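Following: one structure in structure tokens, then a few remarks.
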Amino acid sequence: MAILFNIMDTSLPLAIETIGHDWEQEPVERSAGYHYYHWLQTSQGSGKVVIQKQEFILEPGMGILIFPFVEHHYYQVSTETWRTNFITLGGTIASTIPTILNVDHFCLASNNPQFSFAQWTAQLYEQLTKSQPLSPLDYSIEAYRFLAKIKEHHYQEQVVTDERYLKYIQPVLQWIDKHFMLDCSTQEMAQLVYISPQYLSRLFQRFMKLSPYDYLTAVRIQKAKERLLTLPNEKIKDVASHVGFNDASHFIATFKKATHYTPVAFRKLY
């Protein structure tokens, strides 16, 4: 996919400078940082971000918002190609973002059951490439929405450096991302990291704010959304099967509970 450059209206309070979707990410080193706020999220593979003398591995779904003029660099660490989604933000009130988010230098966030940053970026990118895109003001509103979701869902860097997260949660998240279509119980997920299902559930509640099975379901719903939009002619029963639901009726009921739309109605929205 490509990058869209210079799309911001600098007179607006918040505006999007660039946006990239499913980009084959090259190594980047910025000793003086970047002059706009920069959101970087992994869509495939993984990459390492080095910032403020800290190192973070961005697995699929994980992202980081880097503030202007903060020294950083990042590069691929996975054997498969590292692909990313990204946006850069500016605007007349951009200098207030640290106050809005109540963080300095950078913050981390991931796709979650309440909001998918990846889906938001993909939809915005698609809208911008249309012959009749939204108005600059509408994109400014989208930038506000993005920041609101960052504020709501960002987490402290201690989470991803917590030994329990790294040892027990992260491997399960990686496994779910690759094997979400398989029939799997909490007990089977716990066996992957050699702990009891009860302890895994407690750790998930601590770090992810939901149970392992609810997280798996949320990933399946997110994958279903992607298939519904990218494969508009695929039958609903086939979408259900591909994302781990053996019964189409159960899939439709679960999808509607999560999104307030049936799969067919959701597809018609776009």
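Considering only segment 177-193, I want to know if a residue exists there that is modelled with pLDDT under 95, touching a Gly at 6+ places or on another chain (Cβ under 8 Å) and part of a helix (DSSP H, G or I). Yes, that holds for at least one residue.
Given the structure, is Thr262 under 17 Å from Pro60 (Cβ atoms), under 24 Å from the mean Cα position of the chain (by Cα), free of Cβ contacts under 8 Å to residues at least 12 places away in the same chain and not assigned by TED's automatic domain parsing to the domain that holds Ser110? No, not satisfied.
Residue-by-condition table, conditions (1) more than 20 Å from the chain's Cα centre (by Cα); (2) surrounded by fewer than 16 Cβ atoms within 10 Å (Cβ to Cβ):
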residue: Ile57; (1), (2): no, yes
residue: Pro60; (1), (2): no, no
residue: Tyr75; (1), (2): no, yes
residue: Glu80; (1), (2): no, yes
residue: Ile100; (1), (2): yes, yes
residue: Cys107; (1), (2): no, no
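Within segment 43-91, if we keep just the residues that are in contact with a Phe, Trp or Tyr (Cβ under 6 Å, 6 or more places away or on another chain) and of a type in the set (S, T, N, Q), the residue that is nearest to Gln114 (Cα to Cα) turns out to be Thr84. Look at Ser95 and say whether it is of a type in the set (Ser, Thr, Tyr), closer than 27 Å to Ser140 by Cα and assigned by TED's automatic domain parsing to the domain that holds Ala148. It is true that Ser95 is of a type in the set (Ser, Thr, Tyr), closer than 27 Å to Ser140 by Cα and assigned by TED's automatic domain parsing to the domain that holds Ala148.
The values are calculated or read from the model by the stated rules, or taken from the named source; none is laboratory data. Everything numeric in this text was worked out from a predicted model, so none of it was measured. So basically every Cβ, Gly included, is an ideal-geometry build from the backbone, and we count neighbours across all protein chains shown.
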